[in-house]
1. Can you give the direction-averaged projected area of the convex hull of the alpha-carbon atoms in the stretch 58-117, in nm²?
2. For Lys134, give me every one of the aspartates and glutamates with a C-alpha distance below 12 angstrom, ignoring sequence neighbours fewer than eight places off in its own chain.
3. Place a +1 charge on the Cβ of each Lys and Arg in the chain and a -1 charge on the Cβ of each Asp and Glu, then give the dipole magnitude about the Cα centre in debye, rounded to the nearest 20.
4. Take every Cα-Cα pair in the stretch 1-145 and report what % of them are more than 19 Å apart.
5. For the stretch 76-187, what class follows from the C-alpha gyration tensor (a ≥ b ≥ c being the square roots of its eigenvalues): rounded when a/c is under 1.5, otherwise prolate if a/b is larger than b/c, else oblate?
6. So how tilted is helix 86-95 from the main axis of the chain? Cα-based, degrees 0 to 90, rounded to 10.
7. In degrees from 0 to 90, rounded to the nearest 10, what is the angle of the helix 162-171 Cα long axis to the longest principal axis of the chain?
8. Here are some pairs, Lys62/Lys160; Lys49/Lys160; Lys29/Lys160; which of them have Cα atoms lying more than 20 Å apart in this structure?
Amino acid sequence: MAMKKEREDIIYGRHPVLEALNSGAPVDKVFLQQGTRGEFEKELRKLCKMMEVPFTVIPSAKLGRMTRGNHQGVIAQLAAAAYQKTEDLIPMLYEQGETPLLLLLDGVTDVRNLGAIARSAEVCGAHGIIIPQKNSAGLTADAVKSSAGALLRIPVCREKSLVNTVALLKNSGIQVVASDLQAEAYLHELQLTEPLCIVMGAEGEGISEGVGRAADVRFRIPQAGQLNSFNVGVAAGILLYETMRKRMGI
């Protein structure tokens with residue numbers, strides 16, 4: 001029986017992982033073996049905090065399932081591209097004469113949903129996607145594949161605090177509108193032509209309370225059936241298409 005091929009997006013071993021972080025490589029997540037203590041653990045945590053890389057402690061058995069190699073208790077998963085910062089993206093868009101259209105994804109953890117959303121975002125002319133550091137799918141190879149390459153064509157910003165990011169957006173003249181099943185306003189009632197950030201939450205849970213309170217407007221998509229809501233990837237396509245349609249004046 002053929003051996004399983006080693007994943008190309010995985011770096012393992014103490015020195016290689018520290019080197020990847022120190023060099024500024026696009027690291028998506030770091031996994032450390034449960035029970036690890038000492039100077040290495042302290043240095044790893046410090047570097048992850050400094051580089052704003054999510055850090056997770058997991059059992060040794062899980063690390064063993066990620067690689068056949070001698071992982072020495074630590075594995076880093078590389079991102080398919082470098083993450084950007086919202087504070088850098090916004091002025092760049094204004095300088096280019098664009099009317100910003102951004103998506104903020106609050107708790108979308110399925111890479112297939114992230115890929116589908118990115119694909120619709122790229123097709124409909126969105127300028128970037130914002131995700132949180134924790135509780136989110138990231139720029140992994142699987143996500144890029146699901147997006148048909150769109151995640152390599154559209155900036156993805158990873159932020160520590162979505163509430164602070166919403167405040168930054170609003171202070172930058174960008175209206176923040178949040179999709180919410182309990183909202184009274186409907187999608188088609190919104191203007192959507194101004195600088196805009198559309199907030200979408202996880203299926204079943206919706207947007208977090210803090211982000212919802214910080215948004216300028218909450219809205220919902222009309223529906224005729226009895227199911228609770230659209231799949232988040234499908235909903236994103238609807239929102240982005242309606243925004244594109246209004247911006248194109250058709």
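Laboratory data are not the source of any read-out in this text; all were calculated from the coordinates shown. Bear in mind that the values here come from a model prediction, so they are computed numbers and not experimental data. No Cβ is skipped: glycine too gets one built from the backbone with ideal geometry, and neighbour counts run over all protein chains shown.
1. Working: hull surface 26.2 nm².
The orientation-averaged projected area of the Cα hull of the stretch 58-117 comes to 6.6 nm².
2. Asp28, Glu52, Asp106, Glu159
3. Working: 28 positive and 27 negative charges, 168 e Å.
Computed about the Cα centre, the dipole is about 800 debye.
4. Numbers: 6039 of 10440 pairs.
In whole percent, the long-distance tail amounts to 58.
5. Values: a/c = 1.45, a/b = 1.24, b/c = 1.16.
Rounded is the answer for the stretch 76-187, as its axis ratio a/c remains below 1.5.
6. Approximately 50 degrees, to the nearest 10.
7. 40 degrees
8. On the way: Lys62/Lys160 26 Å; Lys49/Lys160 10 Å; Lys29/Lys160 14 Å.
Over 20 Å apart, Cα to Cα: Lys62/Lys160.
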